[in-house]
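The values are calculated or read from the model by the stated rules, or taken from the named source; none is laboratory data. Because the structure is a prediction, the values reported are computed rather than measured. Please note: Cβ atoms are built from the backbone with ideal geometry, for glycine as well, and neighbour counts cover all protein chains shown.
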Amino acid sequence: MTARSLVTLELNGERREAWVFPHQTLMEVLRDDLGFTEVKYGCGEGLCGTCAVLLNGESVNACLLFAIQADGCAVTTVKGLSEGADLHPLQRSFLDHGASQCGFCTPGMVVTAYEFVREHPRAGREEIRAALAGNLCRCTGYVKILDAVEAYVRSAEADGSP
Amino acid sequence: MYPSLFDYAGATSWPQAVQLLQEGGEEAKVLAGGQSLVPMMALRLATPALLIDVNGAGDGEPRRESGRLVVPALTRHATLQRSVVVRDACPILAEAASWIGNIRVRHRGTIGGSVAHADPAGELPCSLVALEGAVRVLGPSGERIIAASNFFQTYFTTALEPGEVVTAVEVPVIASGRGWAFLELIRRVGDFALVEAAALIDLDDAGQCARVRLTVGAVGERPVDLSDEAGAVLQNGSIDEASAAEVGRRASAAVDPPDAVHGSGAYRREMVAVYVRRALLAAAARAGRGGAA
């Protein structure tokens, strides 16, 4: 039997450790071992985007990365974008626009949109649409999701603080 | 589903990866970006006993070396897209990379993994054959460089021998004046391509075709090089709607794509004609007279 290894993560800004088998994905360890259940298990094949987390600031499929590979890395889940009960403006915009139906895709949508707007602070609706094309919403609530992200871009522009 | 159990070994250099591969034998697989291998493991289509993680064996960024662009194996697709060096030396690679999967896949997936995986619908294999690129591999008996045209053999099968790993990909720098295009047909963003076409065109001083490279992907067991067919029509002639369409018809006749969920073989064959025509016209539009040739 393969031995476990100790993996250290900077998880939403806090140092966390977990003993993991090599075959355990980051998604599995985050959910089942560390209790970060906001990371959802969707397709398990990298297609749906609901397990998206930021690995050292870049979005990855947590279902396709073995936890052992993330040793020493900073991992940010959707919860890491807010400060306690203070939602990130993008999260607030999702709430304000009703951009969540069953909510299963929402963590990945928010993480993906957060990264995209960070990199493209003046993005227009079509660019946002293209950027979110890799995230599936099976409720098909895409219009309100786009509304939410677009409004966030506009408000961040207005504030001068994307 | 979850991957089955395996042993894990991290390689911090390519020679170490080769050594680990030799020790691991047939049950060992190389893990790079993992965006194709890990889904296969999750579906239990692949159940390697040992994964050799080469992510620690990295050696730098894409760079120019005497007229060639050398792309280290661990270069992520997102880097191919963004790299100023790549966009300047070989923009078709940046364009091809932009069609791969989704942003998360492009953050992790690597060029070395893509070529070693040799998916017939892969964007990078199709481009590399058009570019007359080559794959650098390291194995127990040393390094060798394999032309892309020989590297991709059939479905998910390459010229790699047991114990060999891909360390880099190299392509000729696209000289200014050489027109290029990479197009593909997909039903939804991130899908596997139904048809891919990569074209490179040099025009002479009179604006006639001096040289053409044309490859189609996703329609056979490996990228199909149709440069001779294209040259037979276009050489020393003008590239216009009529001549590009004629190459499209010949390309269509030269391939026999299988039926797929998102398109019948007959449909994909028709689309080869369309995408070849469009790729040739797009490449010609980018080409400058008296260019690279």
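Determine whether residue B:152 is within 30 Å of residue A:135 (Cβ to Cβ) and in contact with a helix residue (DSSP H, G or I) (Cβ under 6 Å, 6 or more places away or on another chain). Spelling it out, it is not the case that residue B:152 is within 30 Å of residue A:135 (Cβ to Cβ) and in contact with a helix residue (DSSP H, G or I) (Cβ under 6 Å, 6 or more places away or on another chain).
For region B:182-233, a residue qualifies if it is touching a strand residue (DSSP E or B) at 6+ places or on another chain (Cβ under 7 Å) and within 24 Å of residue A:129 (Cα to Cα), and the qualifying residues are B:182, B:183, B:184, B:185, B:193, B:194, B:195, B:196. Among the residues of region A:27-49, those identified as under 18 Å from residue B:39 (Cβ atoms) and within 11 Å of chain B (Cβ to nearest Cβ) are A:27, A:28, A:41, A:43, A:44, A:45, A:46, A:47, A:48, A:49.
From the list B:145, B:111, which residue is without any contact (Cβ under 8 Å) to a residue 60 or more places away in the chain, closer than 25 Å to residue B:219 by Cα and either of a type outside the set (Gly, Ala, Ser) or in the same structural domain as residue B:224 (by TED's automatic domain parsing) (or both)?
Values: B:145 fails: closer than 25 Å to residue B:219 by Cα.
Going through B:145, B:111 in turn, just one is without any contact (Cβ under 8 Å) to a residue 60 or more places away in the chain, closer than 25 Å to residue B:219 by Cα and either of a type outside the set (Gly, Ala, Ser) or in the same structural domain as residue B:224 (by TED's automatic domain parsing) (or both): B:111.
For residue B:144, the criteria (1) within 13 Å of the chain's Cα centre (by Cα); (2) not in a helix (DSSP H, G or I) hold in every case but one, which is (1). Of all the criteria given as (1) modelled with pLDDT of 95 or more; (2) touching a helix residue (DSSP H, G or I) at 6+ places or on another chain (Cβ under 9 Å); (3) of a type in the set (A, V, I, L, M, F, W, C), the one not satisfied by residue B:146 is (2).
Taken over region A:110-133, residues that are over 13 Å from residue A:49 (Cα atoms) and more than 10 Å from chain B (Cβ to nearest Cβ) amount to 12.
Being over 19 Å from residue A:7 (Cβ atoms) and assigned by TED's automatic domain parsing to the domain that holds residue A:15 holds for only one residue in A:67, A:99, A:52, A:113, and it is A:52. Scanning region B:260-293 for residues that are of a type in the set (D, E, K, R) and modelled with pLDDT of 95 or more yields B:268, B:269, B:270, B:277, B:278, B:286.
When the residues of region A:56-69 are filtered to those that are assigned to a strand (DSSP E or B) and in contact with a Leu (Cβ under 9 Å, 6 or more places away or on another chain), which remaining residue is surrounded by the fewest Cβ atoms within 10 Å (Cβ to Cβ)?
Kept after step one, since they are assigned to a strand (DSSP E or B), are these residues of region A:56-69: A:58-61, A:66.
Within this subset, residues satisfying the condition of being in contact with a Leu (Cβ under 9 Å, 6 or more places away or on another chain) are A:60-61, A:66.
On the way: A:60: 28, A:61: 34, A:66: 26.
If we take residues in region A:56-69 being assigned to a strand (DSSP E or B) and in contact with a Leu (Cβ under 9 Å, 6 or more places away or on another chain), then A:66 is surrounded by the fewest Cβ atoms within 10 Å (Cβ to Cβ).
Somewhere in region B:172-185, is a residue within 30 Å of residue B:15 (Cβ to Cβ) and surrounded by fewer than 24 Cβ atoms within 10 Å (Cβ to Cβ)? Yes; the residues of region B:172-185 include at least one that is within 30 Å of residue B:15 (Cβ to Cβ) and surrounded by fewer than 24 Cβ atoms within 10 Å (Cβ to Cβ).
The number of residues in region A:1-16 that are surrounded by 12 or more Cβ atoms within 10 Å (Cβ to Cβ) and away from chain B (no Cβ under 14 Å) comes to 6.
Here is a list: B:69, B:93, B:51, B:74. Which entry is in a strand (DSSP E or B), crowded, with 22+ Cβ neighbours inside 10 Å and within 17 Å of the chain's Cα centre (by Cα)? Working first, answer last.
Working: B:93 fails: in a strand (DSSP E or B); B:51 fails: within 17 Å of the chain's Cα centre (by Cα); B:74 fails: in a strand (DSSP E or B).
The unique qualifying residue is B:69.
Of all residues in region B:20-31, which are within 18 Å of residue A:25 (Cα to Cα) and free of Cβ contacts under 8 Å to residues at least 24 places away in the same chain? I'd like the intermediate steps shown before the answer.
Taking region B:20-31 first, the residues within 18 Å of residue A:25 (Cα to Cα) are B:29-31.
Result: B:29, single match.
Being of a type in the set (Asp, Glu) and closer than 24 Å to residue B:187 by Cβ is a condition met by no residue of region A:128-148. Considering only residues of region B:12-31 that are under 25 Å from the mean Cα position of the chain (by Cα) and not in a helix (DSSP H, G or I), which is nearest to the other protein chains (Cβ to nearest Cβ)? Checked region B:12-31; the qualifying residue nearest to the other protein chains (Cβ to nearest Cβ) is B:31. Restricting attention to region A:40-55, the residues being assigned to a strand (DSSP E or B), β-branched (Val, Ile, Thr) and in contact with a Pro (Cβ under 8 Å, 6 or more places away or on another chain) number 0. Screening region B:144-166 for residues that are surrounded by 24 or more Cβ atoms within 10 Å (Cβ to Cβ) and β-branched (Val, Ile, Thr) and picking the one that is nearest to residue B:210 (Cα to Cα) gives B:166.
Residues in region A:79-109 that are within 14 Å of another protein chain (Cβ to nearest Cβ) and in a helix (DSSP H, G or I): A:107, A:108, A:109.
Evaluating residue A:125 against the criteria (1) surrounded by 20 or more Cβ atoms within 10 Å (Cβ to Cβ); (2) touching an Asp or Glu at 6+ places or on another chain (Cβ under 7 Å) leaves one unmet condition, (1). Going through (1) more than 9 Å from every other protein chain (Cβ to nearest Cβ); (2) closer than 26 Å to residue B:6 by Cα; (3) surrounded by 24 or more Cβ atoms within 10 Å (Cβ to Cβ) one by one, residue A:72 falls short only on (3). If you filter region B:32-60 down to residues that are without any contact (Cβ under 8 Å) to a residue 40 or more places away in the chain and under 18 Å from residue B:12 (Cβ atoms), you find that the one that is farthest from the other protein chains (Cβ to nearest Cβ) is B:60.
For residue B:239, the conditions (1) modelled with pLDDT of 95 or more; (2) under 30 Å from residue B:155 (Cβ atoms); (3) of a type outside the set (D, E, K, R) all hold with the exception of (2).
Scanning region A:21-32 turns up one or more residues that are within 14 Å of the chain's Cα centre (by Cα), within 20 Å of residue B:43 (Cβ to Cβ), touching a residue at least 24 places away in the same chain (Cβ under 8 Å) and buried (at least 21 other Cβ atoms within 10 Å of the Cβ).
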